[in-house]
Amino acid sequence: MNSFSPLQNFNNLFNEYYDRFIRFAWSYVKEKEVAEDFVSEAFTIYWENREDLLPDTKAQAYILTIIKNKCLNYLQHIQVRQRAEKEINDHAEWLLSTRINTLQACDPDFIFSDEIQKIVESTLDKLPQKTRQVFILNRYYGLSYQDIANQMDLSIKTIEFHISKALAQLRFSLKDFICLSLFLFYFY
């Protein structure tokens, strides 16, 4: 029979395995502070639950299982974050490529061609009167949203809605002309 108190047994276990467990955790997480935190947490969990464990539970295996699971969760979290970062980077790279390609394909003479002007005019003619009026005041006469709101007795949110609606319709009408969509976004 073991003559040590539970606290003495715990201290002996801690002193014998703490460094080993840290090396184990560190070999996976590669950050000493994280490994130390996981080992300390595992020892704490063991201490708090020691009376509820089955009598044949090996303390070392129980603690190591906790450390293993903490390391797994940590690494899986890193993996998810790296996947998300990769997707964001891939998307950013695609956007940059698209901007480069559309700029290379952009023909300024074509943008101001009669055909394009007819599409723009036809699209604007099909817009509801208030939307068309708001768009023309903003894009052709250069009035600010606030000035248009004051002049037409509307809220700024309403002006934003009408501008967005007009731009969406123009983008749709000019969808075959990618370069024009960017042109509209920046200049109209």
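The values are calculated or read from the model by the stated rules, or taken from the named source; none is laboratory data. Since the structure is predicted, the reported quantities are computational estimates derived from the model, not experimental observations. Cβ coordinates were reconstructed from backbone atoms using ideal geometry, including for glycine residues, and neighbour counts include every protein chain displayed. Side chains are part of the model used for accessible areas, which takes the heavy atoms of the whole protein and leaves out ligands, DNA and RNA. Shrake-Rupley method; radii C 1.70, N 1.55, O 1.52, S 1.80 Å.
Using the structure shown, select from Lys118/Lys165; Lys32/Lys70; Lys130/Lys175 the pairs with a Cα to Cα distance greater than 21 angstrom.
Values: Lys118/Lys165 19 Å; Lys32/Lys70 14 Å; Lys130/Lys175 24 Å.
Too far apart for the 21 Å limit: Lys130/Lys175.
Which shape class applies to region 1-151: rounded if a/c is under 1.5, otherwise prolate when a/b exceeds b/c and oblate if not, where a ≥ b ≥ c are the square roots of the Cα gyration tensor eigenvalues? In terms of gyration-tensor shape, prolate.
Straight-line cross-link partners of Lys86 among the lysines, defined as a Cα under 22 Å from its Cα and at least 8 positions apart when in the same chain: Lys30. Charges were assigned to the Cβ only: +1 to each Lys and Arg, -1 to each Asp and Glu. The resulting dipole of the chain about its Cα centre is roughly 260 debye. For trypsin sites (Lys or Arg not before Pro), the sites in region 1-36 that DSSP calls loop and that have at most 15 other Cβ atoms within 10 Å are Lys30. Using a probe of 1.4 angstrom and keeping all protein chains present, the accessible surface of region 1-117 works out to 76 square angstrom per residue. Using only alpha carbon pairs under 8 Å that are at least six residues apart, calculate the relative contact order of the chain and give it in whole percent. Once divided by the residue count of the chain, the mean separation gives 15 percent.
Considering only protein heavy atoms and a probe of 1.4 Å, how much of the accessible area of the chain is carbon and sulfur, as a whole percent? Don't jump to the answer; show the numbers that get you there.
Working: 7220 of 13280 Å².
Whole-percent figure for carbon plus sulfur exposure: 54.
Between Ala105 and Leu167, what's the calculated FRET efficiency when r is the beta-carbon distance and R0 is 30 Å? Round to 0.05. The pair Ala105/Leu167 has a calculated efficiency of 0.90.
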